[in-house]
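Quick notes on the structure that follows.
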Amino acid sequence: AARGTKPEPGDRLAFMVGERKDQEIKPADLVVGAVPTLAYPLDPASGKVLVSRVGLLTVVRLKPEALKPASAKNAADGIVAFSAVCTHYGCPITTLHPSQSQIVCNCHGSVFDAADRGAVTQGPATRRLAMLPLAIQDGALVVAAKFDGPLGPPT
Ligand code: FES
């Protein structure tokens with residue numbers, strides 16, 4: 001059966017933009033305190049980057065000790081990934097909060113706690129971001145499971 005464009009277990013991640021657009025993201029590319037990296041799933045079977053709104057991800061690395069259990073179980077070496085589609089009106093989540101453990105939507109200022117499974121810490125968004133479980137296998141960053149919640153704004 002043909003797969004969809006949402007990330008699936010075993011997928012790698014690819015840069016959405018920048019000099020290394022469409023290239024695989026390695027764990028060492030992600031550093032604590034850096035701005036969130038926007039990414040799409042990379043299908044290892046076809047080698048294709050799966051470009052879609054529902055598959056857009058925002059990826060950050062936190063200090064492992066900053067992670068609460070709900071995020072820690074889905075993290076790989078402190079790296080956590082979420083749907084990048086804001087649950088308020090759908091803008092991409094692109095900014096790191098000064099706390100370095102929360103991420104911010106610049107459209108209307110919603111803040112989500114990357115250390116606590118994407119929980120809303122400041123509105124107007126009312127629903128957490130879906131988290132995408134990650135793992136490191138043979139040194140590669142891989143998707144460990146599907147999104148753990150609904151995507152985008154409530155309908
Ligand atoms: Fe993100 Fe409104 S779309 S805060």
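Quick notes on this structure:
- Every residue from segment 13-49 that is among the hydroxyl-bearing types (Ser, Thr, Tyr) and exposed (fewer than 11 other Cβ atoms within 10 Å of the Cβ): 46
- Checking each residue in segment 8-30 for being small (Gly, Ala, Ser) and either in contact (Cβ under 8 Å) with a residue 40 or more places away in the chain or closer than 14 Å to residue 140 by Cα (or both) picks out 10, 14, 28.
- Per the listing 104, 54, 80, 111, the residue uniquely of a type outside the set (D, E, K, R), at pLDDT 95 or above and under 23 Å from residue 8 (Cβ atoms) is 80.
- Residue count for segment 86-103, restricted to those that are within 12 Å of the chain's Cα centre (by Cα) and near the ligand (Cβ under 9 Å from one of its atoms): 3.
- Residue count for segment 53-89, restricted to those that are touching a residue at least 24 places away in the same chain (Cβ under 8 Å), open to solvent by 10 Å² or more (accessible area, probe 1.4 Å) and either charged (D, E, K, R) or touching a Phe, Trp or Tyr at 6+ places or on another chain (Cβ under 7 Å) (or both): 7.
- Scanning segment 120-148 for residues that are free of Cβ contacts under 8 Å to residues at least 24 places away in the same chain and within 27 Å of residue 43 (Cβ to Cβ) turns up 137, 138.
- The number of residues in segment 96-119 being in contact (Cβ under 8 Å) with a residue 60 or more places away in the chain and surrounded by fewer than 16 Cβ atoms within 10 Å (Cβ to Cβ) comes to 0.
- Within segment 104-155, strands (runs of 3 or more DSSP E) holding 2 or more residues that are more than 10 Å from the ligand (Cβ to nearest atom) and within 14 Å of the chain's Cα centre (by Cα): 134-137, 140-143
The values are calculated or read from the model by the stated rules, or taken from the named source; none is laboratory data. In this text the structure is predicted, and so the values were computed from the model without any measurement. In this analysis, Cβ positions are derived from the backbone assuming ideal geometry, glycine residues included, and neighbour counts consider all displayed protein chains. For the accessible areas, the whole protein counts, side chains as well, though only heavy atoms, and no ligand, DNA or RNA atoms are used. Shrake-Rupley method; radii C 1.70, N 1.55, O 1.52, S 1.80 Å.
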